[in-house]
Amino acid sequence: MSFSLWNETKGRPVVECLEIAKTPLARMKGLLGRNRLEEDHALLIEECRSVHTWFMRFAIDVVFLDDSLRVRKVVSNLVPWRLSASREASHVLELPAGSAARHPVEAGDVLKLQPKPAV
């Protein structure tokens with residue numbers, strides 16, 4: 001099943017195509033090996049409180065979420081070879097750099113997964 005992501009607080013979409021990393025291997029790999037993250041795409045890493053951009057080829061926006069998908073922290077334009085974390089987080093949303101500002105996502109916002117119908 002595929003998902004999109006909606007900002008319940010602001011009543012607007014965040015991303016149209018959401019990939020979810022649930023397995024330990026998928027969480028560990030994250031976006032490594034990709035040349036870029038398409039606009040309107042994102043990766044949600046479950047059970048995660050920190051991310052690194054070591055060996056990545058592009059900058060990303062990182063949104064730290066708690067268990068209820070409330071935004072706890074937003075890190076914009078995290079460039080390669082950096083690390084970021086949040087003790088309050090349970091999940092991490094990785095977006096193309098600049099997306100958090102374009103779709104305004106801010107601390108305190110509540111996000112919601114929206115199932116997309118099968119095509």
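Only residues that are of a type in the set (Phe, Trp, Tyr) and crowded, with 22+ Cβ neighbours inside 10 Å: list them for the range 42-64, please. Spell out the reasoning first.
Initial filter on the range 42-64 (of a type in the set (Phe, Trp, Tyr)): 54-55, 58, 64.
Within the range 42-64, just Phe64 meets the criteria.
Can you tell me which residues in the range 15-45 are over 19 Å from Ser90 (Cα atoms) and at pLDDT 90 or above? Break it down into steps so the answer makes sense when it comes.
In the first step, residues of the range 15-45 are kept if they are over 19 Å from Ser90 (Cα atoms); the result is 15-17, 32-41.
Residues satisfying the conditions are Val15, Glu16, Cys17, Arg34, Asn35, Arg36, Leu37, Glu38, Glu39, Asp40, His41.
For the range 60-112, give me each residue that is over 12 Å from the mean Cα position of the chain (by Cα), in a strand (DSSP E or B) and either acidic (Asp, Glu) or within 19 Å of Phe3 (Cβ to Cβ) (or both).
Answer for the range 60-112, where residues must be over 12 Å from the mean Cα position of the chain (by Cα), in a strand (DSSP E or B) and either acidic (Asp, Glu) or within 19 Å of Phe3 (Cβ to Cβ) (or both): Arg70, Val110, Lys112.
For Val14, are the conditions met, namely being over 26 Å from Trp81 (Cβ atoms) and not in a loop (DSSP other than H, G, I, E, B)?
Answer is yes for this residue.
Tally time: how many residues in the range 68-87 are exposed (fewer than 14 other Cβ atoms within 10 Å of the Cβ) and within 16 Å of Arg27 (Cβ to Cβ)? Outline the logic, then answer.
Here is the first cut: in the range 68-87, the residues exposed (fewer than 14 other Cβ atoms within 10 Å of the Cβ) are 68, 77, 79-81, 83, 87.
Now restrict to residues that are within 16 Å of Arg27 (Cβ to Cβ): 83.
Within the range 68-87, residues that are exposed (fewer than 14 other Cβ atoms within 10 Å of the Cβ) and within 16 Å of Arg27 (Cβ to Cβ) number 1.
Looking at Glu19, is it surrounded by 13 or more Cβ atoms within 10 Å (Cβ to Cβ) and charged (D, E, K, R)? If you could, list the steps in order and put the result at the bottom.
On the way: surrounded by 13 or more Cβ atoms within 10 Å (Cβ to Cβ): yes; charged (D, E, K, R): yes.
When the stated conditions are applied, Glu19 passes them.
Let me spell it out: the conditions are (1) at pLDDT 95 or above; (2) within 20 Å of Cys17 (Cβ to Cβ), and Phe64 meets all of them except one. Which number is the exception?
Result: Phe64 passes all but (2).
The values are calculated or read from the model by the stated rules, or taken from the named source; none is laboratory data. Here the structure is a predicted model, which is why all the values come from computation and not from measurement. No Cβ is skipped: glycine too gets one built from the backbone with ideal geometry, and neighbour counts run over all protein chains shown.
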